[in-house]
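As structure tokens, the structure follows; a few thoughts come after it.
Read the figures in this text as sums done on the coordinates, not as results from a lab. This is a predicted model, so every value here is computed, not measured. Here Cβ is always computed from backbone atoms with ideal geometry, including for glycine, and neighbour counts include all displayed protein chains.
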Amino acid sequence: GLAGGMVGALFIRLNVRLSKWRRRVVLGRRGYRVAEVALVAALTAVTACLLPRLAGSCRNAPPEWACSARQNDYYCGDYGHDAGARNVTCAYECWDRAVYGRGGCPRDEFDPAATLSLRSSDDVIKALFHDDDAVFGGTALLSYALAAFLLAAITYGVAVPSGLFVPSILIGAALGRCAGEGYRALGHGAT
């Protein structure tokens with residue numbers, strides 16, 4: 001909680017300074033506004049492409065499909081087998097986990113930094129929130145959170161529509177996942 005508040009306060013402080021600069025330099029100058037948008041777009045593209053190069057590593061990829069073997073809090077048995085003597089009817093829910101970017105990794109591996117920076121926001125949210133099998137690693141998560149933080153602060157206030165809701169979710173998810181993986185590395189995670 002405290003770390004999230006500090007990150008939020010830093011974001012606001014940075015954004016106030018950028019807004020004052022924009023008011024002095026960019027506001028009312030059409031050519032400057034267009035140039036700022038082009039510069040921010042180029043910076044975003046370069047950051048997305050460089051992040052896997054700088055913070056990328058190959059890790060074992062989780063299976064592309066996962067199925068739930070729980071129905072109403074009762075374990076239903078292995079996928080493809082009956083529930084046993086309890087006569088519980090189970091509906092196995094399966095979901096696609098093919099959201100991981102390979103980057104320059106071999107076929108059965110994925111690059112966490114490529115997944116975070118080169119996939120859509122929807123895929124990144126799915127990977128960070130809904131999959132506990134993939135281990136991203138602190139370097140990729142912290143690098144992505146820092147890059148997303150700086151890009152969100154710079155982009156907010158540019159002369160094109162941009163939001164803060166999804167970038168805030170992505171930054172918080174990356175930092176939360178980093179904390180969770182650190183906790184797991186200490187031996188406290190679920191097995």
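How about segment 18-47: which trypsin sites (Lys or Arg not before Pro) there lie in a loop by DSSP and see at most 14 other Cβ atoms within 10 Å?
Answer by residue number: Arg29.
In the neighborhood of Ile154, defined by Cβ-to-Cβ distances under 15 Å, what is the net charge if each Lys or Arg adds +1 and each Asp or Glu adds -1?
+4
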